[in-house]
Amino acid sequence: MITQISFLIMGVMAVFLSALMITRKWPVTSAMLLIVVMMLIAGMYGLLGAHFSAVAQIIVYAGAIMVVFVFVIMLLNLPPEELRYGRITIGELLLTALGFIVALFLGTKVGQGYLISNLNSNSLINARPPYYPASMNENVKNVSALMFTDYLWAFELISFLILVAIVGAIVIAKKAKVSDAKSA
Amino acid sequence: MPSLPELGIYFSLLLFITGLFGVMFRKNLIFMMLSVEVMLNAANLAFISASSMTNTIDGQVIMFFVMAVAACEAGIGLALIISLYRAKSSVEIDDLRILRG
Amino acid sequence: MIEISFTQIISTILLMLLGIAVGAQVAPIMSWVERRQCAIIQRRLGPNRVGFFQFRLLGLGQPIADAIKLLFKEDFVPPYVHKAFYVLAPVVPVATGLAVTVAIPWGSHVVVNNQIINLQAVNLNSGFLLIFALSSLAVYGVTLAGWSSNNKYSLLGGLRASAQMVSYEVAMGLSIIPLVFIWGTLDLQTMITKQSEILWGFLPNWGFIHAPISFFVFIVTIFAETNRLPFDLAESEGELVAGFLTEYGAMRWSLFFLGEYSMMFVMCVLTVSLFFGGYELPWLSQHYLLEILNPQVGEVLARWILLPLGIIVLLTKVILLMWIFVQVRFTIPRFRYDQLMKLGWIYLLPIALINLIITAIVTAIVKFH
């Protein structure tokens, strides 16, 4: 009961704050609102039983990625943006409505019922509420056991991707040296 | 009252739509990148809810990979914004029209 | 659904209040300790006059006098600052510094109403990572304070300080992972229980003996995380006017220091729990004492007797470590910014990585022998 109420409160607050976030003038305010949204989402992960993911979300997203965002915003010293909404065309409106309908179909029971009956897996039909009887205490062990056996290739490739991203970001953001410009 | 992971999927839907509107209707690159982060978080929430619904752990493992990819994308996107700002002194996408796109 | 009983809710609330109370009281006491220790190192007396009712009390009334003065000073919000973040920025270090006290292990457990109450307010499976998560949020206090002051020097000071804190978080996390290999768990309570055994017949099974390099790297990174000397360029009085704190007066300024001291306290508790056995006495583990007391007073009462003993042992170890922090502050000169970044990225990060690889290889050999 308490978990459901707090999940509802966190979810509603996350959606409300992200709707607030996309309509702000100052970029710093949006970044701070996004940090709060990420912490709320981490809380939701915790309630769903994914404790390691919750802590990793706070460490990586709210504590590292958003710091980089805030750095760039503060160093570039961007002025507050006046909210200009361009004219919306009929085509965009129709596509948005179509997108809503598809999303609602996929997200609610009607869509799930349609999709599930076409699958041959038993575990989706007997969808149970989240209750890991013993593995609530072994979340880290289960996640890492899976990550280093079945998903080992993906893990190694992701670490390589992170290396490429680090090198790429430094190369892109470096100032062009005067000697390079002269030789070009 | 639907069960907890089902609520999670509904909220991830709403967050994704909110992020999508942020990308569509803002002209500043920083706001667009922030909205993309919201969309990626919504996808992560959907993964974790799905893994909770089927009592498996695969969703949580995939969430880590999505998070790592989001970190890389944010890093390189911000580096590109910095070098764009140096070249054009503006980060509005309306001012980036060299390719007439 | 997971059953949450009433006793567990009450005990969690009480443990959180204990953590907040201790975390908030550290700041005044540490400010007195720092001023007296600084004076003794510099061969003079410190504040030793302020007391109560004609008793000098070694100057212990000084923090109370400081607090009263700061409360009654004029609270001035300069007109050119960004108001919302100017007011919000001091709240962030305090909130994270007090929130991070929930993961402190005060003791092993007590039995109330036939239920085992773990003496740690939040006992996640991902143990001490909660402390890392909340301490990585403390960066925003410094950054927002620097930016909202609308002042180039504050902005530079704030950004430099947050770059320093983020750089040393990497080495901090990497230096702790070898301990996870050695103890095989992320849970602080399990680690402390394993540290109560005897190694090789006469040594306590402390983390310091298993992983000394981790300890030294971790201690250095804690100094950088909490902006203490020799890494305190952000607050360096005299270089950047006052760094990111320039526009902050009276109580707002002291809120920053409340958060910093509270975070320092929790980091010292984490060090003691990981490397020095936490709330366990070195050779008289709580298990051993329980076996002595159990036939005489019964298990429930024995656990209630061991609870204050555990807290006293933990606080003694933490006070010793914080006193060493204060000593280091007045001994080593401040680092320059490029020396600081070089130390974090070029020296500490490879040392932590090599330590990690060597510990992984040795642990694998020992475990799968």
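Here, each number is a calculation from the coordinates, and none is a lab measurement. Just so we're clear, the structure is a prediction, and the values are computed from it rather than from any experiment. With ideal geometry, Cβ positions are generated from the backbone for all residues, glycine too; neighbour counts draw on all protein chains shown.
Below are the figures for this structure:
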{"quantity": "Links that overshoot a 22 Å alpha carbon limit, given the list A:LYS175/B:LYS88; C:LYS73/C:LYS152; A:LYS141/C:LYS367", "calculated": "C:LYS73/C:LYS152"}
{"quantity": "Spherically averaged projected area in nm², based on the convex hull that wraps the Cα atoms of chain C", "calculated": "23.2 nm²"}
{"quantity": "Amide H partners (placed H, <5 Å) of C:VAL112, local residues excluded", "calculated": "C:ILE117"}
{"quantity": "Point-charge dipole on Cβ atoms (K/R +1, D/E -1) for the protein assembly as shown, about Cα centre, debye to 20", "calculated": "1540 debye"}
{"quantity": "Nearest-0.05 FRET efficiency for A:LEU93 and A:VAL12, computed from C-beta distance (R0 41 Å)", "calculated": "0.95"}
{"quantity": "Residue-averaged beta-carbon neighbours from other chains (10 angstrom radius) around A:156-162", "calculated": "3"}
{"quantity": "Number of partner chain Cβ atoms within 10 Å, mean per residue of A:15-28", "calculated": "6"}
{"quantity": "For peptides C:37-47, C:268-278, sequence by mean Cβ density within 10 Å, most packed first", "calculated": "C:268-278, C:37-47"}
{"quantity": "Protection proxy ranking, peptides C:257-265, C:75-83, average beta carbon neighbours within 10 Å, highest first", "calculated": "C:257-265, C:75-83"}
{"quantity": "Net charge contributed by nearby residues that have their C-beta within less than 13 Å of C:GLN164 (K/R +1, D/E -1)", "calculated": "0"}
{"quantity": "Cα centroid separation - the range C:269-337 against the range B:41-81, whole Å", "calculated": "39 Å"}
{"quantity": "Protection-proxy order for peptides A:19-26, A:4-11, each taking the mean of Cβ atoms within 10 Å per residue, highest first", "calculated": "A:19-26, A:4-11"}
{"quantity": "Longest to shortest principal axis, alpha-carbon extents of the range C:139-188, angstrom", "calculated": "49, 16, 7"}
{"quantity": "Convex hull projection area averaged over all views, the protein assembly as shown, Cα basis, nm²", "calculated": "36.9 nm²"}
{"quantity": "Efficiency of FRET between B:VAL69 and C:TRP345 - r from beta-carbon atoms, R0 22 angstrom, step 0.05", "calculated": "0.35"}
{"quantity": "Rg/Rh ratio calculated on Cα atoms of chain B (Kirkwood radius)", "calculated": "1.11"}
{"quantity": "Whole-angstrom gap from the range A:25-104 to the range C:144-178, using each part's C-alpha centre", "calculated": "22 Å"}
